[in-house]
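Student: Please read through the structure below; I'll follow up with questions.
The values are calculated or read from the model by the stated rules, or taken from the named source; none is laboratory data. The model shown is predicted, which means the values in this text are computed figures rather than measured ones. Quick reminder, even Gly has a Cβ in these numbers, built from the backbone with ideal geometry, and neighbours come from all protein chains shown. In case anyone asks, the SASA skips ligands and DNA or RNA and just uses the protein heavy atoms, side chains included. Shrake-Rupley method; radii C 1.70, N 1.55, O 1.52, S 1.80 Å.
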Amino acid sequence: MSSTQREGDKAVIYPIDKIAFQKGIQEIEDSSESNSEETELQIEKNQNKLDTPSKKLSFQNRENEKLVEKLTAANKELAFQNAENQKRSAELAALNKELAFQNLEKEKRAAELIIANKELEFQNEQKEKRAAELIIANKELEFQNDQKEKRAAELSIANKELAVQSKEKEKRAAALIIANKKLAAETILKQKRKVEKEKRAAELKVTNLELAYQEKRSKELMLANSELKKAQEELESFSYSVSHDLRAPIRAINGYTQILVEDHADSIDEDGQKILESVIMSSRKMGFLIDDLLAFSKLGRKQVAAAEIDMSVLINSIVSEIIIDKNENIPIFEMEDILPAHGDASLIKQVWLNLISNAVKYSKYKKETLIKITSIIKKDKVIYCIKDKGAGFDMAYYDKLFGVFQRLHSQEEFDGTGIGLAIVQKIVSRHNGKVWAKSKLDSGSSFYFSLPRINN
């Protein structure tokens, strides 16, 4: 037996003695019975003692009051005992419920323990089966180990035999290696000889082809030389005809015109005299054109005698030879240290003469004639520049600049034959150089040309 009491959220169970509890209940019942019997006996004794009714009544009343008080006290005691009994019965009911709940829990746990015991029995059976299987497996392993030891012994014997055989093979292999090295050396020598033979054969083929090509080229060169000789002869005959056959009628025209102007000036009016002067100017211009054309044609035949050229001395000699008309500006030259170059001095002098003359000519209408000459080194070339602030030209017509008889300005504005820049380009190209120009109309021009450096 146990009693329960709530402490916070938990139930506390106190143990109760059943025998003491039952004895207490029995004593309460016995005391109540004995008190009722004593009360009845006392009432009977008092009734016998009283003789008279009044005495009896008064006495009985007093006794009755005492009895009532006793009964009241006894009733209170019984009520208190009943209340205590009810409390104890309530506690007993709660204890019984708790015992019933605990018995259910114990039964559940007992059922779980039964299931767990069965599971343990099953696991023990499985373990016993596995132990039996392991015993069988161990026996099988012992048997296999015995077999492996036997095989290992056999293999050790076989390995010893193989070791002996491998030593024999190594000896044979060493002998074979030596033999193979000898064979390899012999084959290498054979291959080298074969390669050398193939190289010599290929070289002989190349030599034969080169000889055949050289023979063919020599024949072509002989034909070209013969054609060149014919062309030179034709050019010489053409030059002779130009210098003699064309000059003779031009001289005649010029001479007869001069006679008309000098001897018959009175019989010719002003318009006729202007026409005759125009004829004389045209014949002179024709002579200049013939001279420039002959000079241009001779450039192709002239041999280039290359040597070191002191450009400063060459340019100063050209500047000192320039003739300036009375009404033209005296040109101002700005020259830095002009680098030397490698080339034919007479031909390069013609290049400078044409370029400087053009710079002076095309600057005559400016307030001052300023010409700047510079030079720089670029790789294996020396690049020269002559810059003016003259009339310039439109770069849209650059393709015509170095052509024969090509002019970018009118004859009335600037005189000339239109062959000077063509001569410059031909001379520079014969020196393995280049010539080019940059310009802006009415803002001046810059002409460049390159020549080989002295160490090249």
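Student: Net charge around Leu113, counting only other residues with Cβ within less than 15 Å of its Cβ (Lys, Arg = +1; Asp, Glu = -1)?
Tutor: Its environment carries a net charge of -1.
Student: Around Asn329, which amide H atoms from residues at least 5 apart in sequence, or from another chain, sit under 5 Å from its own amide H, with H modelled in the peptide plane?
Tutor: Here nothing satisfies the definition.
Student: Could you pull out the pairs from Lys381/Lys440; Lys219/Lys426; Lys366/Lys440; Lys372/Lys438; Lys148/Lys169; Lys387/Lys426 whose alpha carbons sit more than 19 Å apart here?
Tutor: Lys381/Lys440; Lys219/Lys426; Lys148/Lys169; Lys387/Lys426
Student: While we're on this one: In what sequence, largest accessible area first, do Ser445, Ser156 appear using a 1.4 Å probe?
Tutor: Largest accessible area first, the list is Ser156, Ser445.
Student: Skipping prolines and chain starts, which residues have an amide H placed within reach, meaning under 5 Å, of the one on Ala341, given they are 5 or more residues away or on another chain?
Tutor: Residues meeting the criterion, in which the H sits 1.01 Å from N, are Ile309, Met311.
Student: For region 342-400, what class follows from the C-alpha gyration tensor (a ≥ b ≥ c being the square roots of its eigenvalues): rounded when a/c is under 1.5, otherwise prolate if a/b is larger than b/c, else oblate?
Tutor: prolate
Student: Collect residues whose amide H, placed 1.01 Å from N in the peptide plane, falls under 5 Å from the amide H of Lys434; neighbours closer than 5 in sequence don't count.
Tutor: The answer is Ser450.
Student: Going 7 Å from the Cα of Ile376 toward and past its Cβ, which residues in region 436-451 have a backbone nitrogen under 19 Å from where you end up?
Tutor: Of the residues in region 436-451, 436-440, 445-451 have backbone N under 19 Å from the label point off Ile376.
Student: A further question on this structure: Only sites in a loop by DSSP and with at most 14 other Cβ atoms within 10 Å count here; which trypsin sites (Lys or Arg not before Pro) in region 317-395 make the cut?
Tutor: Taking region 317-395 and a limit of 14 other Cβ atoms within 10 Å, the loop trypsin sites (Lys or Arg not before Pro) found are Lys326, Lys367, Lys379.
Student: OK, next. Quick check for you: which residues of region 145-170 have the amide N under 20 Å from the point 7 Å beyond the Cα of Ala179 toward its beta carbon?
Tutor: In region 145-170, the label zone of Ala179 (backbone N under 20 Å from the point 7 Å along Cα→Cβ) covers 165-170.
Student: Additional query: How large is ³J(HN,Hα) for each residue in region 132-146, as worked out from phi by the Karplus curve 6.51 cos²θ - 1.76 cosθ + 1.60 (θ = phi - 60°), to whole Hz, x for Gly and Pro?
Tutor: Calculated HN-Hα couplings, in order: 5, 5, 5, 4, 5, 5, 4, 5, 4, 5, 4, 5, 5, 4, 4 Hz.
Student: Another question about this same structure. Applying the Karplus parametrisation 6.51 cos²θ - 1.76 cosθ + 1.60 with θ = phi - 60° to the phi angles of region 93-105, what ³J(HN,Hα) value in whole Hz is obtained for each residue in order, glycine and proline being reported as x?
Tutor: Couplings: 5, 5, 5, 4, 4, 5, 5, 5, 5, 5, 4, 4, 4 Hz.
Student: If you rank Ser312, Ser429 by how much accessible surface each has, with a 1.4 Å probe, what is the order from largest down?
Tutor: Sorted descending by solvent-accessible area, the residues read Ser429, Ser312.
Student: Could you give each residue of region 149-166 its phi-based ³J(HN,Hα) in whole Hz, using Karplus coefficients 6.51, -1.76, 1.60 with θ = phi - 60°, and x for Gly or Pro?
Tutor: Here the 3J(HN,Hα) series is 4, 5, 5, 4, 4, 5, 5, 4, 5, 5, 5, 4, 5, 5, 4, 4, 5, 5 Hz.
Student: Would you check the accessible area of Tyr365, probe 1.4 Å, heavy atoms only, in square angstrom rounded to 10?
Tutor: 150 Å²
Student: In addition: Can you give the accessible area of His264 in Å² (nearest 10), computed on protein heavy atoms with a 1.4 Å probe?
Tutor: Answer for His264: close to 90 Å² accessible.
Student: Same structure again: Excluding ligands and nucleic acids, what accessible area in Å² is computed for Glu203 using a 1.4 Å probe, to the nearest 10?
Tutor: About 110 Å², ignoring ligands and nucleic acids.
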